Each structure stands twice: as C-alpha cells, then as structure tokens.
Amino acid sequence: MNPLIFFPLLAFLLGVFVSIFLFIDWLRHGRRPWFLLLWAVALFLFYWFQVPVVLTNLGVVIVVANFNLFFALTFPITFLSLILIFLGVLEITKTPIGKWVKGALVLWLLSSIIFFVWQFVANEGIIKTYSLPLVGNLVFYLPIRILIIGTLLRWLLKTGTKTILGYLGAIGVIGESVLGIVRNVLILKSVLFYPPEFWYVVLSGLKIFFMLQTFSIFLISFGFLFLHRMYYRSRTAPEGKS
C-alpha cells in the first residue's frame, strides 16, 4: 500500500465525520439552525473528490471512461456543494441580501442546472468539449468562491468583537475557497492544451491538484467546526460578542 494514502484518507474520513456530526447536531437542536444542515450536506458532497486519489493510492486502476463519468458528475455536485456553503455563510454571518440578489442567485443556479444537465445528457457522461471546464470554472465555480470569500471578509471587517473561534472558522472556509480558485486555474492551465481524451492522463499526473484538494478538506472541515462552536458560544455570551 502506498504510504501517501494516509493523508488523503484521513481527510476523507474527517469530511465524513464532520458532515455526520453537523447533521446529528442539527437534529439534536430541533432541526435548527439551517446552516448546520446546509454545511453537512455540502461537506458530504464535497469530499467525494478525494475518491480518485484514495483509490489510485490503493492500487486501483481507473480507466478513462470511468474518470470521464466521475469528472462529469462531480462538476455539478461540487458546484451545488459550494452553493450550500454560501447559503450557510449568509446565515451564520447574518448577511442580508436583497430580492434582486436572491432572484439573480436563483437564475444563476437554474442556469447551472441546465448547463450541467445538458453537458451530461448531450455527451452521455463523456467529456468531449472544452465547455465543461471553461464554463464550469469561470462562470460557476469562480464567482461562487469569490462570493464566499467576500461575504466572510466583510463579516470579519465589521465592527464588533469577534472570538478566536470566529476568526479561525472564517479563515478555514476562506482558505478552502482560495485553494479552490488555485485548483480551478490549474485545471484550465493543464487541460486546455490537450484534447479531452488526454485529460485523465494530464490530471492524474498533477499531484499538486490532489494535494490541494486534501488540504481543502482539512481547512473547510475545521472551519465549519470552529464556526459551529462560535455560534453556540455566542448564544450564551454577553450581547455584542460574536
């Protein structure tokens, strides 16, 4: 067994544990607050990107057809995860959004569903064109990550006392989004010079990509845990603490 398996496997198990913990805690507190459920589902969807690197390090051979199907599926799944993370961030930071912003987000989400379904159905789960990585990364992934970063930064910069848990949690989630943007750039930089049938070979040799994925799981898992603790401590803290 490849000794390098333990780090991504640990990240995978951490993601499973935190998503289950948040879901159980959501049930335990009377199915509230909603950000616990949103983040539990988001993390459950998010950590599946670890599957290829775990299987590869276990010695499992992944054929190109299976990789294409996995890649085509995880693109929309990961975007949905990011949407849920963003909605949870809006709730825990108590960030109000106007009706037109809500409308724009709904239209954006619907357009993403149409795009990803069309990509999957029209191409039968096989990546045949450059539109999936281009549109997926630049039109959907990049903007939602920027929204997550911007919302948390505005919250951190607002006047008022912040606890160390709040800072650590926000930094964890922001850090994941930053690493996510770096991964998006790496994908575009790496695959656009090759036809789609060679993308599996290109990405499977891009070790830094999978390392960044692993770090992302650690960052966002601990970020959620810290913000979770901040929320419950703030409920019993004197007014003005957050």
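The values are calculated or read from the model by the stated rules, or taken from the named source; none is laboratory data. What you are looking at is a predicted structure, and each value in this text was computed from that prediction instead of being measured. FYI the Cβ positions are ideal-geometry reconstructions off the backbone, even for glycines, and counts take in every protein chain you see.
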> Name the residues in region 212-242 that are modelled with pLDDT under 90 and within 15 Å of the chain's Cα centre (by Cα), would you?
Replying inline: Leu212, Gln213, Thr214
> For region 156-177, which residues satisfy the criterion of being part of a helix (DSSP H, G or I) and crowded, with 16+ Cβ neighbours inside 10 Å?
Replying inline: Leu165, Gly166, Leu168, Gly169, Ala170, Ile171, Gly172, Val173, Ile174, Gly175, Glu176, Ser177
>> Given the criterion part of a helix (DSSP H, G or I) and closer than 19 Å to Gly15 by Cα, identify the matching residue among Ser234, Ser221.
In response: Ser221
> Residues of region 180-195 being outside any helix (DSSP H, G or I) and either in contact (Cβ under 8 Å) with a residue 60 or more places away in the chain or closer than 14 Å to Lys207 by Cα (or both), which ones?
Replying inline: Leu192
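Looking only at region 80-112, count every residue that is touching a residue at least 60 places away in the same chain (Cβ under 8 Å) and outside any helix (DSSP H, G or I) and tell me the total.
2
Of all the residues that make up region 189-205, how many are among the aliphatic types (A, V, I, L, M) and in contact with a helix residue (DSSP H, G or I) (Cβ under 6 Å, 6 or more places away or on another chain)?
2
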> Taking region 113-125, which residues are at negative phi and either exposed (fewer than 11 other Cβ atoms within 10 Å of the Cβ) or assigned to a helix (DSSP H, G or I) (or both)?
Replying inline: Ile113, Ile114, Phe115, Phe116, Val117, Trp118, Gln119, Phe120, Val121, Ala122
>> Only one of Leu147, Leu132 is in contact with a helix residue (DSSP H, G or I) (Cβ under 6 Å, 6 or more places away or on another chain), assigned to a helix (DSSP H, G or I) and either farther than 18 Å from Leu73 by Cα or acidic (Asp, Glu) (or both). Can you tell me which?
In response: Leu147
> Within region 72-102, which residues are modelled with pLDDT under 90 and either more than 17 Å from the chain's Cα centre (by Cα) or acidic (Asp, Glu) (or both)?
Replying inline: Pro96, Ile97, Gly98, Lys99, Trp100, Val101, Lys102
>> For region 178-216, give me the residue count where each residue is surrounded by 19 or more Cβ atoms within 10 Å (Cβ to Cβ) and β-branched (Val, Ile, Thr).
In response: 3
>> Can you tell me which condition Gly30 does not meet? The list is (1) at pLDDT 70 or above; (2) part of a helix (DSSP H, G or I); (3) surrounded by fewer than 17 Cβ atoms within 10 Å (Cβ to Cβ), and all the others hold.
In response: (2)
